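Below: one structure, written as structure tokens.
All of the numbers you see were taken from the coordinates with simple rules; none came from a lab. Model, not experiment: these values are computed from the prediction. Because the Cβ atoms are built from the backbone with ideal geometry, glycine has one as well, and the counts that use them run over all protein chains shown.
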């Protein structure tokens with residue numbers, strides 16, 4: 001099996017290293033991951049002739065690592081177009097993300113965006129996330145439960161065009177996990193998202209700022225400008241189904257949410273036709 005691995009936390013992240021360890025017994029692994037952190041990029045790609053630096057970091061028998069200074073979706077495109085070239089990988093696995101991608105987190109996620117890009121290229125894909133933002137998170141629950149999930153998701157069976165799988169793990173030791181549930185995205189949103197930028201936030205979170213990696217990204221405010229950061233409080237919508245992924249995840253379940261890049265509202269098509277638009 002030929003496996004393409006990516007993420008949105010960068011090739012340096014612990015999660016992607018653990019994912020490669022988990023997948024190594026299944027076949028040949030090619031990693032193409034962002035050079036720097038790319039959370040919140042969704043399915044964005046690096047267009048308009050933007051230059052993208054790429055580097056092969058290492059290669060040993062059955063395993064090769066690259067970084068690309070671009071979005072996760074661009075990493076998938078690069079892997080398929082420039083490395084596999086005349087073939088396609090058998091599967092793309094994106095993760096392990098530091099932080100969940102359940103509910104309405106999913107549309108924003110670079111981890112999900114990479115899986116969506118693979119689905120667009122008609123390659124089976126799986127996004128994997130853990131409910132912990134810690135750079136030193138304990139991924140043992142993923143190592144214990146993901147292999148049989150991976151095998152079952154790739155078992156023979158017809159999949160619709162655009163389908164991919166979004167798998168979220170609670171931040172629990174394996175013995176506390178209540179089980180696995182196949183479910184839907186939950187309905188939730190963020191409130192009070194914009195707060196004044198806190199320059200000390202990275203030290204408080206125990207995360208290395210991009211400046212430590214040689215990247216200057218903080219703004220140079222002009223007179224009259226204010227600088228904000230997006231944080232926010234997660235609020236569950238009152239009409240969300242009880243068995244939604246983010247609710248089950250909080251209750252100690254591993255969730256598997258089948259998603260599809262074709263987000264056409266088929267029911268609304270019929271409603272609009274009933275209003276007489278087509279004559």
Choice from 63, 225, 193 with maximal GNM fluctuation in the chain (Cα, 10 Å cutoff): 225
GNM flexibility winner over the chain from 244, 94, 46 (Cα, springs under 10 Å): 46
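What's the long-distance tail for the chain, i.e. % of Cα pairs beyond 29 Å?
Working: 13690 of 38781 pairs.
The answer is 35 percent, as a whole percent.
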Relative counts (whole %) of C-alpha pair distances in the stretch 95-142, using bins that are 5 Å wide: 5, 22, 29, 20, 16, 7, 2
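How large is the Kirkwood hydrodynamic radius of the stretch 1-116, in angstrom, based on all distinct alpha carbon pairs?
13.8
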Alpha-carbon centroid distance for the pair the stretch 94-111 / the stretch 26-61, whole angstrom: 17
Beta bridges per DSSP with both ends in the chain, % antiparallel, nearest 5: 40
Likely footprinting exposure, 45, 231, fewest C-beta neighbours within 10 Å first: 231, 45
Top of 58, 132, 109 by mean-square fluctuation, Gaussian network on the chain, Cα under 10 Å: 58
DSSP-defined antiparallel bridges as percent of all bridges, the stretch 51-167, nearest 5: 45
